[in-house]
1. Starting from segment 76-91, take each residue that is at negative phi and charged (D, E, K, R) and list its partners that are at pLDDT below 95 and not in a helix (DSSP H, G or I), counting only C-beta distances under 9 angstrom and pairs at least six apart or across chains.
2. Quick check: anything in segment 4-21 of a type in the set (A, V, I, L, M, F, W, C) and surrounded by fewer than 16 Cβ atoms within 10 Å (Cβ to Cβ)?
3. Answer with yes or no whether residue 25 is among the aliphatic types (A, V, I, L, M) and within 16 Å of residue 80 (Cβ to Cβ).
4. Somewhere in segment 97-116, is a residue at pLDDT 70 or above and among the aliphatic types (A, V, I, L, M)?
5. Which residues, taken from segment 22-48, are under 19 Å from residue 130 (Cα atoms) and in contact (Cβ under 8 Å) with a residue 24 or more places away in the chain?
6. Pick from 19, 30: which is modelled with pLDDT of 95 or more, within 13 Å of the chain's Cα centre (by Cα) and under 14 Å from residue 53 (Cα atoms)?
7. Since residue 74 meets every condition but one in (1) closer than 18 Å to residue 13 by Cα; (2) modelled with pLDDT under 90, which condition does it not meet?
8. How many residues are under 13 Å from residue 5 (Cα atoms), at pLDDT 95 or above and either touching a strand residue (DSSP E or B) at 6+ places or on another chain (Cβ under 6 Å) or surrounded by 11 or more Cβ atoms within 10 Å (Cβ to Cβ) (or both) when one looks only at segment 39-64?
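The values are calculated or read from the model by the stated rules, or taken from the named source; none is laboratory data. As the structure is a computational prediction, the values presented were derived from the model and not from experiment. A quick note on method: Cβ atoms are made from the backbone with ideal geometry, for glycine too, and the neighbour counts reach across all protein chains shown.
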Amino acid sequence: MARILAIDYGTKRSGIAITDELQIIASGLTTVNTIDLISFLQTYLSKESVELFVIGEPKQMNNTASESEISIQEFIKKLRKEIPSIPIERVDERFTSKMAFQTMIDSGLNKSKRKNKALIDEISATIILQSYLQSK
């Protein structure tokens, strides 16, 4: 089986998580400057087999799309154009940043490391991917 790759898309940087080849475990991979995201994915795909992209879907509490959905839709159009062979699924990403921050606290990271927004994005992508795996 090929891996599943999740993206916690942000306008400045995007967190990326990946499954193992059996699609059992979600692990944080990295955080990438969003401007470099497509080229990062193309490079990654030249080395690893990925069968699905999972992209977080930010929603308001009333279940409507958040403001950031506009930029995510633009990214998805570009991603489909550049890498049309890999399907995309969306996963509700409400509270993933708060859950990521709590994960950092629970794992004993000190206050200065918890301020690392890139790490929060990577953990958020992992939570998005884990949520997808659990829904399968």
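1. 90/56; 90/57
2. No - not one qualifying residue is present in segment 4-21.
3. Details: among the aliphatic types (A, V, I, L, M): yes; within 16 Å of residue 80 (Cβ to Cβ): no.
Answer is no for this residue.
4. no
5. 23, 24, 26, 27, 28, 29, 30, 31
6. Just one listed residue meets the conditions, 19.
7. If we test residue 74 against (1) closer than 18 Å to residue 13 by Cα; (2) modelled with pLDDT under 90, just (2) comes out false.
8. The initial filter retains those residues of segment 39-64 that are under 13 Å from residue 5 (Cα atoms), namely 40-42, 44-45, 48-56.
If we keep only those that are at pLDDT 95 or above too, we end up with 40-42, 44-45, 48-55.
Then keep just the ones that are either touching a strand residue (DSSP E or B) at 6+ places or on another chain (Cβ under 6 Å) or surrounded by 11 or more Cβ atoms within 10 Å (Cβ to Cβ) (or both); that gives 40-42, 44-45, 48, 50-55.
Residues that pass the stated criteria total 12.
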